[in-house]
Amino acid sequence: MMRMPAEWEKHSATLLTWPGNPETWPGVRLRKAEGVYLEIIKALARFEPVHLLVENTEVKERVLRLFQKNEISCNGITMHTYPVNDIWIRDYGPIFVRSRSEFKIINWEYNAWGGKYPPWDGDNRVPEFIANQFNIPVQKTGMVLEGGSVEVNGKGDLLTTESVLLNPNRNPQLSKKEIEQKLEQYLGAENIIWLKSGLAGDDTDGHIDDLARFLNEDTILAMVCEDEADINFLALKENLEILRSARLKNGKPINIETLPLPKTNIEGTTTDGSEHVPASYANFYVANHCVLVPLYDERYDGMALQLFNKYYPDREIVGINCSDLVWGQGSIHCITQQVYR
């Protein structure tokens with residue numbers, strides 16, 4: 001049986017795509033997003049190899065100059081020239097699973113969150129490109145699924161949302177039961193916990209990695225909202241109630257930690273016209289010896305860092321201000337994808 005590893009299991013590397021889409025990052029916002037990227041890469045490269053997709057040789061030369069300017073060593077960083085539409089490699093990149101004694105890549109279909117942002121054909125081919133680069137077997141599923149829509153603990157439990165996987169803009173031909181069968185077949189999901197809907201301003205329709213994430217095999221971080229007048233209050237309240245009544249595959253209740261939803265000023269509206277962005281501490285990334293934590297709100301940032309220190313005492317907790325990154329409607333977890341070989 002195939003099994004998707006938990007994110008805290010040891011990686012071979014981390015995949016990223018350098019930002020370059022002027023529609024997502026108009027004007028000076030692209031340079032601001034690059035600044036966040038430089039911080040992320042500088043932190044990651046200290047702990048594990050980084051593989052970075054760049055659009056062309058011109059972009060590659062620019063990135064190398066930025067690395068030199070920001071004192072980022074290229075040791076351990078490998079660049080691959082491959083044009084994609086945008087940076088969200090969590091969603092279109094390869095999902096690695098262990099099959100018996102080897103790893104393979106599961107190649108789900110990607111349609112830019114229901115056909116929202118064409119063209120996505122290059123993004124959809126990334127898993128096969130990476131499989132060829134690393135000489136890893138690849139298996140197609142025929143089902144649309146983004147990596148940010150599923151969260152696992154490596155023991156057969158999987159979190160997802162109805163607003164994404166049951167959305168008719170993904171797999172209208174598949175029933176809920178058929179989708180569950182695919183998740184079990186390709187990811188080893190034996191116990192699926194369905195939350196309802198996501199955050200306002202999340203153009204993915206409600207990815208799980210902004211709502212609830214496993215901190216370990218039996219503990220979940222759930223985002224909550226303290227302001228009853230907030231647009232996200234009711235959705236997060238309903239999701240928390242579901243988690244409190246849910247059980248893990250082993251029959252035990254879930255240990256739940258909560259963090260308040262941060263606020264961030266987006267200065268107007270995003271590219272798709274939203275007045276909200278999906279800023280969330282749940283969009284963290286667990287690397288081999290560090291945890292990258294997005295920071296947004298001085299009221300709660302310290303609380304978030306303290307929580308991650310509690311659960312990952314053997315890893316360096318690196319807080320990164322992601323207000324400029326989340327303006328593009330994604331954050332640290334959305335732009336990273338772990339590699340196992």
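The values are calculated or read from the model by the stated rules, or taken from the named source; none is laboratory data. Keep in mind that this is a model prediction, so the values were computed, not measured. Glycine also receives a Cβ, built like all others from the backbone with ideal geometry; neighbour counts cover every protein chain displayed.
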Original post:
What are the residues in the stretch 7-29 that are of a type in the set (A, V, I, L, M, F, W, C) and crowded, with 17+ Cβ neighbours inside 10 Å, if any?
Top reply: Trp8, Ala13, Leu15, Leu16, Trp18, Trp25
**OP:** Sort out which residues of the stretch 107-138 are of a type in the set (Phe, Trp, Tyr), touching an Asp or Glu at 6+ places or on another chain (Cβ under 9 Å) and part of a helix (DSSP H, G or I), and write them in order of number.
**Re:** Trp113
**OP:** Check whether at least one residue in the stretch 305-312 is among the charged types (D, E, K, R), without any contact (Cβ under 8 Å) to a residue 40 or more places away in the chain and either outside any strand (DSSP E or B) or in contact with a helix residue (DSSP H, G or I) (Cβ under 7 Å, 6 or more places away or on another chain) (or both), and report yes or no.
**Re:** yes
**OP:** Return only the number of the condition from (1) over 19 Å from the mean Cα position of the chain (by Cα); (2) farther than 27 Å from Ala33 by Cβ that Asn153 does not satisfy.
**Re:** (1)
Original post:
In this structure, does Met79 turn out to be in contact with a Ser or Thr (Cβ under 6 Å, 6 or more places away or on another chain) and surrounded by fewer than 19 Cβ atoms within 10 Å (Cβ to Cβ)?
Top reply: no
Original post:
Any idea how many residues of the stretch 163-179 are in contact (Cβ under 8 Å) with a residue 40 or more places away in the chain and either in a helix (DSSP H, G or I) or crowded, with 23+ Cβ neighbours inside 10 Å (or both)?
Top reply: 2
Original post:
Looking at (1) hydrophobic (A, V, I, L, M, F, W, C); (2) in contact (Cβ under 8 Å) with a residue 40 or more places away in the chain; (3) surrounded by fewer than 16 Cβ atoms within 10 Å (Cβ to Cβ), which is the only condition Val36 fails?
Top reply: (3)
Subject >> Count of the stretch 185-203 residues which are within 15 Å of His333 (Cβ to Cβ) and touching a Ser or Thr at 6+ places or on another chain (Cβ under 7 Å) >> reply: 2
Original post:
Of all residues in the stretch 112-155, which are at negative phi and in contact with a Lys or Arg (Cβ under 7 Å, 6 or more places away or on another chain)?
Top reply: Phe134, Ile136, Pro137, Val138, Gln139, Thr141, Met143, Val144, Gly147, Gly148, Glu151, Lys155
Original post:
Going by the structure shown, is Thr81 hydroxyl-bearing (Ser, Thr, Tyr) and at pLDDT 95 or above?
Top reply: yes
Original post:
So which residues in the stretch 285-335 are among the aliphatic types (A, V, I, L, M) and within 15 Å of the chain's Cα centre (by Cα), if there are any at all?
Top reply: Val286, Ala287, Val291, Leu292, Val293, Leu325, Val326, Ile332, Ile335
**OP:** Can you confirm whether the stretch 8-30 contains a residue that is among the charged types (D, E, K, R), closer than 23 Å to Asp324 by Cα and within 18 Å of the chain's Cα centre (by Cα)?
**Re:** no
Subject >> Flag if Phe67 is surrounded by 15 or more Cβ atoms within 10 Å (Cβ to Cβ) and out of contact with any helix residue (DSSP H, G or I) (no Cβ under 9 Å at 6 or more places or on another chain) >> reply: no
Subject >> Count - residues of the stretch 106-117 that are touching a Phe, Trp or Tyr at 6+ places or on another chain (Cβ under 6 Å) and either over 18 Å from Glu184 (Cβ atoms) or free of Cβ contacts under 8 Å to residues at least 40 places away in the same chain (or both) >> reply: 2
